[in-house]
Structure formats: C-alpha cells, structure tokens
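Can you keep this structure in mind? I'll have questions shortly.
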C-alpha cells in the first residue's frame, strides 16, 4: 500500500511537471529573444542572422535581436588594402567584395562551381583535388531547452527560410538556406567533427 501511494504521488508530480513544461512551451516566448553571434557585426554570419531575426520577430510576436560579441576583424580590410596576399574566407563575407571587383577569387572549395559565380573554378579544376569545405550556420538552443520550444523555433525558422526575400539574400552570397531538422542536423554536426578530427590528427 505504501509503495502504491508513493508511486501515485510520483506520477502526480511528473504529470504536474509535464503540464508546467507544456504550458511554458505554449506561452513561449514571453519576453524578447537574444541571439548571440560570436562574430563581429557586419560579418558573414551577421549578414544572415539579422534578416532572420527580423522575420522571427514577426513570426513569434516578440523582439528577436542579435548581440555580437566578436570584435571587428580587419582581415578583409587588410586584404583589400594589399597588406595580406591570400585569404581563405566564406562567401557570406566575400561575395559582395568579389562582385564589387575589390578582390579576386581563385577557386571555391565546393564540388562544383557556384551558380552565382560561374566564372570561379572549383578546387578540383584549380588543381587541388578532393578539397571540399562547407561553411554552415546554425541556431543553437541552451542545453535543457524544452523540446516543444525547440520544435516551435525550428517550425518558424523553416517557414522563414522559404520566404523569397530571405532566399534571395542567401543566393546573393552563393549559399543554400538549408533548414535541416534538429535531429538530422545533430547527426551532421557529429559527422563534421569526426571528419575534421581526422584532418587535425593526420601527419603533416
């Protein structure tokens, strides 16, 4: 009898906790949402993050804002000024500079040429076979965030990424909006970690 009473009490507490979590997820968001960008304002990540934040503000009914934590990096300015001879950079930062004629792209680290930049050869074509590097961006939640909130955020993000003006921003930077579901993206991240761990450990 005592065991049964304890079990009933435990189930009751679990039900209350689950109900509170669902209520929290249903009401979310109840305050502005901060997205921390560890890179400088105006960089490649920022070019994608800020339009998304504006769209998510409309979708979620709460202000979604970007907080940059990285200090301004002078690499691109130094490269344009001729103080650096060669750089490896993502198209999020470089696309506008290439289109403006301020820098010259020698090759892209993709299996094929990019649709928006058909004159730039792939690394294979440039004589460096097998060098494929993908730059990807992700939105991460704090550990322990309820699954219902993660699912809601993904649902709204997927809708935003289908909007034409957002897709145009990505296309201008020769990028694919992506939109992997959380579980699929988690598996991809683990595969990337394993892939680059091999590169780091390989003999020079």
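Quick check on my filter: what residues within the stretch 167-193 are closer than 16 Å to residue 54 by Cα and out of contact with any helix residue (DSSP H, G or I) (no Cβ under 6 Å at 6 or more places or on another chain)?
167, 168, 170
For the stretch 38-51, name all the residues that are under 21 Å from residue 151 (Cα atoms) and touching a helix residue (DSSP H, G or I) at 6+ places or on another chain (Cβ under 6 Å).
Scanning the stretch 38-51 gives a single hit, 51.
May I ask you to verify whether residue 86 is closer than 24 Å to residue 188 by Cβ, modelled with pLDDT of 90 or more and touching a helix residue (DSSP H, G or I) at 6+ places or on another chain (Cβ under 9 Å)?
Judged against the criteria, residue 86 is not a match.
When you scan the stretch 63-88, how many residues do you find that are surrounded by 11 or more Cβ atoms within 10 Å (Cβ to Cβ), free of Cβ contacts under 8 Å to residues at least 24 places away in the same chain and part of a loop (DSSP other than H, G, I, E, B)?
Looking only at that region, the number is 3.
Within the stretch 118-146, track down each residue that is in contact with a helix residue (DSSP H, G or I) (Cβ under 9 Å, 6 or more places away or on another chain) and more than 20 Å from residue 45 (Cβ to Cβ).
120, 145, 146
I would also like to ask the following. Could you please find all residues in the stretch 106-125 being assigned to a loop (DSSP other than H, G, I, E, B), farther than 21 Å from residue 199 by Cα, in contact with a strand residue (DSSP E or B) (Cβ under 9 Å, 6 or more places away or on another chain) and modelled with pLDDT under 95?
112, 113
Here is a check on your reading of the model: is residue 41 within 25 Å of residue 142 (Cα to Cα), in contact (Cβ under 8 Å) with a residue 40 or more places away in the chain and either outside any loop (DSSP other than H, G, I, E, B) or more than 15 Å from the chain's Cα centre (by Cα) (or both)?
When the stated conditions are applied, residue 41 does not pass them.
Are any residues in the stretch 154-199 in contact (Cβ under 8 Å) with a residue 60 or more places away in the chain and either over 28 Å from residue 95 (Cα atoms) or exposed (fewer than 12 other Cβ atoms within 10 Å of the Cβ) (or both), and if so, which ones?
Selection gives 165 alone.
For the stretch 172-198, how many residues meet the condition of being assigned to a helix (DSSP H, G or I) and at pLDDT 90 or above?
Going through the stretch 172-198 one residue at a time, the tally reaches 17.
The values are calculated or read from the model by the stated rules, or taken from the named source; none is laboratory data. Keep in mind it's a predicted model, so treat the numbers as computed, not measured. Reconstructed Cβ throughout: ideal geometry from the backbone, glycine too, with neighbour counts over all protein chains shown.
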